[in-house]
Amino acid sequence: MTDLNTLESDVLAQVAGAADLQALDAVRVAAVGKTGSISGLLKTLGAMSPEERKDRGAAINALRDKVATAITERKAALETAELDARLASETLDLSLPAPHRRKGSVHPTMQTMDEVIAIFAEMGFAVAEGPDIEDDFHNFTALNFPEKHPAREMHDTFFFNTKETGERMLLRTHTSPVQVRTMVSQKPPIRIIAPGRTYRVDNDATHTPVFHQVEGLVIDKAIHMGHLKWTLETFLARFFETDAVTTQFRPHHFPFTEPSAEMDVQCDRSGGEIKIGQGTSWLEILGCGMVHPNVLRACGIDPDEYQGFAFGMGVDRLGMLKYGMPDLRDMWSSDVRWLSHYGFSAFAAPNPASGLS
Ligand code: DAH
């Protein structure tokens with residue numbers, strides 16, 4: 001058996017001495033590869049007597065296992081060393097200035113959101129927030145969507161799995177549930193906007209599954225549609241940075257407002273791109289109305305004492321219109337060229353006094 005002992009110490013020394021993964025693999029092939037030294041010994045077993053094979057076979061197999069284990073351990077050690085060396089050579093000092101001086105920029109949707117917030121903040125609106133994961137009560141029931149009403153399906157809702165309690169959470173389909181949360185937790189007078197992400201099962205050139213809305217809500221004792229119209233017209237004139245904005249209310253239906261309307265702005269579509277403040281076409285821009293008495297009641301507000309208006313608009317669309325971006329899907333393409341073309345400086349916070357964009 002001395003030959004086996006010699007072979008063992010030889011091979012183990014080679015394994016220990018392999019300087020990298022490639023050298024280790026060469027040792028492996030030479031020992032336990034198809035024509036390797038240990039594999040060659042295994043082949044001699046067939047010609048032995050059963051007695052001889054018993055001892056010799058066990059010894060050769062033990063040798064093979066020992067060598068295989070040594071190779072596996074050495075491989076792991078070499079890999080760790082290689083990774084450590086790489087980590088050491090690729091460290092980044094984040095306190096150093098960026099070598100390419102590529103500036104980060106504000107995404108057009110966030111810029112639009114900031115502009116909308118700045119305008120309404122100046123008009124005396126507070127910003128309210130609510131969760132993206134909502135329950136049925138806040139997203140539908142309190143907003144006067146009847147149980148099993150097709151309007152619930154129309155919203156193409158992303159539902160979560162039903163809980164053990166039978167309740168099913170959802171991704172909010174609009175920012176209107178923030179109206180409910182605000183009215184439940186605050187006493188009138190209320191004057192808020194609620195900017196945020198919204199979700200629907202929808203994906204084409206003009207719809208993405210995640211989009212952004214800004215909701216508005218005003219509740220007080222003598223609020224009427226005149227206030228609504230003035231608020232929205234003032235907002236649109238400031239947003240589009242022109243006094244020439246002409247709007248119209250078009251009758252519509254929303255379960256949570258009565259009467260309900262969509263507001264259109266006058267625009268020119270003749271040159272292939274949409275220009276606000278001129279022309280003879282109309283473009284739908286938002287939904288609005290007087291808060292339905294059932295919604296007030298569901299939130300604990302007496303509709304005989306208080307009333308108010310609400311509106312909701314799509315921020316991504318407003319941004320596309322103002323900054324001339326033709327395809328909604330570009331917003332999510334994460335293309336740096338698109339971002340550096342349409343992005344905004346992170347240092348220029350929109351402000352109605354010094355300029356929005
Ligand atoms: N929640 C509506 C939607 O997503 C938008 C909307 C319309 C909001 C009218 C309102 C409103 O507050 O009064 O389609």
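The values are calculated or read from the model by the stated rules, or taken from the named source; none is laboratory data. Nothing here was measured: the structure is a model prediction, and the numbers come from that model. As a convention, Cβ positions derive from the backbone with ideal geometry for all residues, glycine included, and neighbour counts pool all protein chains shown. Areas reflect the complete protein model, heavy atoms only, side chains present, ligands, DNA and RNA absent. Shrake-Rupley method; radii C 1.70, N 1.55, O 1.52, S 1.80 Å.
Which condition number does Arg250 fail, the rest of (1) more than 23 Å from Met183 (Cβ to Cβ); (2) outside any strand (DSSP E or B) being met?
Here Arg250 clears every test but (2).
What's the total number of residues in the range 300-313 that are near the ligand (Cβ under 8 Å from one of its atoms) and out of contact with any Leu (no Cβ under 7 Å at 6 or more places or on another chain)?
Adding up the residues that qualify gives 0.
Would you confirm whether or not the range 181-199 contains a residue that is open to solvent by less than 60 Å² (accessible area, probe 1.4 Å), under 20 Å from Gly314 (Cβ atoms), modelled with pLDDT of 90 or more and in a loop (DSSP other than H, G, I, E, B)?
no
For the range 131-175, give me the residue count where each residue is in a loop (DSSP other than H, G, I, E, B), under 24 Å from Ala194 (Cα atoms), modelled with pLDDT under 90 and among the acidic types (Asp, Glu).
Qualifying residue count, the range 131-175: 1.
In the range 282-297, what count of residues is obtained for those that are in contact with a strand residue (DSSP E or B) (Cβ under 6 Å, 6 or more places away or on another chain) and open to solvent by 30 Å² or more (accessible area, probe 1.4 Å)?
Matching residues across the range 282-297 total 3.
Answer yes if at least one residue in the range 153-171 is crowded, with 19+ Cβ neighbours inside 10 Å, closer than 20 Å to Leu321 by Cβ and touching a strand residue (DSSP E or B) at 6+ places or on another chain (Cβ under 9 Å), and no otherwise.
no
Determine, yes or no, whether Glu115 is away from the ligand (no atom under 16 Å from the Cβ) and either under 19 Å from Pro209 (Cβ atoms) or crowded, with 17+ Cβ neighbours inside 10 Å (or both).
So Glu115 passes the test.
I'd like to know if the range 108-122 contains one or more residues that are at positive phi, touching a Pro at 6+ places or on another chain (Cβ under 8 Å) and polar (S, T, N, Q).
Within the range 108-122, none of the residues are at positive phi, touching a Pro at 6+ places or on another chain (Cβ under 8 Å) and polar (S, T, N, Q).
Check whether at least one residue in the range 98-109 is polar (S, T, N, Q) and in a strand (DSSP E or B), and report yes or no.
Checked the range 98-109: at least one residue is polar (S, T, N, Q) and in a strand (DSSP E or B).
Given the conditions (1) within 30 Å of Ser185 (Cβ to Cβ); (2) open to solvent by less than 60 Å² (accessible area, probe 1.4 Å), which single one is not true for Glu258?
So Glu258 meets the others, but not (2).
Confirm whether Met225 is within 13 Å of the ligand (Cβ to nearest atom) and either closer than 20 Å to Tyr306 by Cβ or open to solvent by 70 Å² or more (accessible area, probe 1.4 Å) (or both).
So Met225 passes the test.
On the given criteria, is Gln22 open to solvent by 70 Å² or more (accessible area, probe 1.4 Å), in contact with a helix residue (DSSP H, G or I) (Cβ under 8 Å, 6 or more places away or on another chain) and either over 30 Å from Trp338 (Cβ atoms) or not β-branched (Val, Ile, Thr) (or both)?
no
Inspect all residues belonging to the range 316-325 and state whether any of them is within 16 Å of the ligand (Cβ to nearest atom) and at pLDDT 90 or above.
Yes, the range 316-325 contains a residue that is within 16 Å of the ligand (Cβ to nearest atom) and at pLDDT 90 or above.
For residues in the range 298-316 being open to solvent by 60 Å² or more (accessible area, probe 1.4 Å) and touching a residue at least 60 places away in the same chain (Cβ under 8 Å), which is nearest to the chain's Cα centre (by Cα)?
Out of the qualifying residues, it is Gly300.
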